[in-house]
Amino acid sequence: MPEIERAIRTIKERIRAIVNQLPFKAYPHRLIVKMVYNVVFWLNVFPHRDGVHEVMSPHTIITGLHINHDKHCTLEFGSYAQIHEEHDNSMTARTSGAIVLRPTGNIQGSHYFLNINSGRRVM
């Protein structure tokens with residue numbers, strides 16, 4: 001199936017491009033998996049010339065939501081960010097370090113993050 005092989009090659013090429021931009025020497029398994037999700041998410045956001053619809057993207061057809069550049073393109077994959085943590089009124093830290101994974105694709109424009117301390121995906 002040449003179409004499927006070409007799609008896999010496109011995903012691999014985009015992942016290689018992301019890996020070469022990141023400053024890390026080693027990648028946790030979860031980060032690699034989320035990198036694939038990120039690439040597939042962005043491939044589905046734009047309409048394909050041989051796709052089902054010439055104007056609407058697969059993401060828009062399935063979810064009915066459009067991607068807004070000002071909301072969804074503010075953070076880049078692999079960037080460092082501080083995320084809010086549940087806290088009490090003590091002097092402990094209220095934020096923790098995280099790596100940006102991808103936008104959630106919702107109307108608010110929130111993103112998924114990989115918590116550096118726990119290794120879990122958070123929103």
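Any read-out appearing in this document is the output of simple, stated calculations on the displayed coordinates, not a laboratory observation. Keep in mind it's a predicted model, so treat the numbers as computed, not measured. A quick note on method: Cβ atoms are made from the backbone with ideal geometry, for glycine too, and the neighbour counts reach across all protein chains shown.
What does the highest-first list of 40-46, 19-25 look like by mean Cβ count within 10 Å?
Taking the mean over residues of other Cβ atoms within 10 Å, the ranking is 40-46, 19-25.
Among GLU76, GLU85, which comes first, second and so on when ranked by fewest other beta-carbon atoms within 10 Å? Please list the in-between numbers first.
Numbers: GLU76 11, GLU85 15.
Listing GLU76, GLU85 from fewest to most nearby Cβ atoms yields GLU76, GLU85.
Report the extension gain between VAL19 and THR74 in nm, rounded to one decimal, defined as 0.36 nm multiplied by the number of residues separating them, less their alpha carbon distance.
Details: separation 55, 0.36 × 55 = 19.80 nm, distance 1.94 nm.
Working it through step by step, the gained length comes to 17.9 nm.
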Worksheet, complete the sentence: Residue-ordered couplings for region 39-50, obtained by feeding phi - 60° into the Karplus form 6.51 cos²θ - 1.76 cosθ + 1.60 and rounding to whole Hz (Gly and Pro as x), are 5, 5, 4, 6, 5, 7, 6, 9, x, 9, 5, 9
Item to complete: Only helical DSSP H runs with n ≥ 4 go in: add -39500 (n - 2.57) per run for the chain, normalise by residue count and round the 222 nm mean residue ellipticity to 500 deg cm²/dmol.
Response: -12000 deg cm²/dmol
Fill in: Label-point separation in nm, THR104 to THR10, each point 7 Å along Cα→Cβ
2.8 nm
Worksheet item: To the nearest 0.05, how large is the calculated FRET efficiency for ILE116 and VAL36 if R₀ is 25 Å and r is the Cβ-Cβ distance?
Response: 0.80
Discussion item. If you average 1/r across every pair of different Cα atoms in region 43-96 and take the reciprocal, what Kirkwood value do you get, in Å?
Written reply: 14.5 Å
Worksheet item: What order do you get for GLU3, GLU86 when you list them from fewest to most C-beta neighbours inside 10 Å?
Response: GLU86, GLU3
Item to complete: In vacuum, with every alpha carbon of region 68-123 counted as one equal point scatterer, what does the Debye formula give for log10 I(q)/I(0) at q = 0.13, 0.14, 0.28, 0.31 Å⁻¹? Two decimals, please.
Response: -0.35, -0.40, -1.09, -1.22
Worksheet item: Taking H as built 1.01 Å from N, whose amide H comes closer than 5 Å to the amide H of THR104, not counting residues under 5 places away?
Response: SER110, HIS111, TYR112
Worksheet entry | Rounded D (µm²/s) - region 2-122, Kirkwood Rh over Cα pairs, Stokes-Einstein at 10 °C, 1.306 mPa s | 99 µm²/s
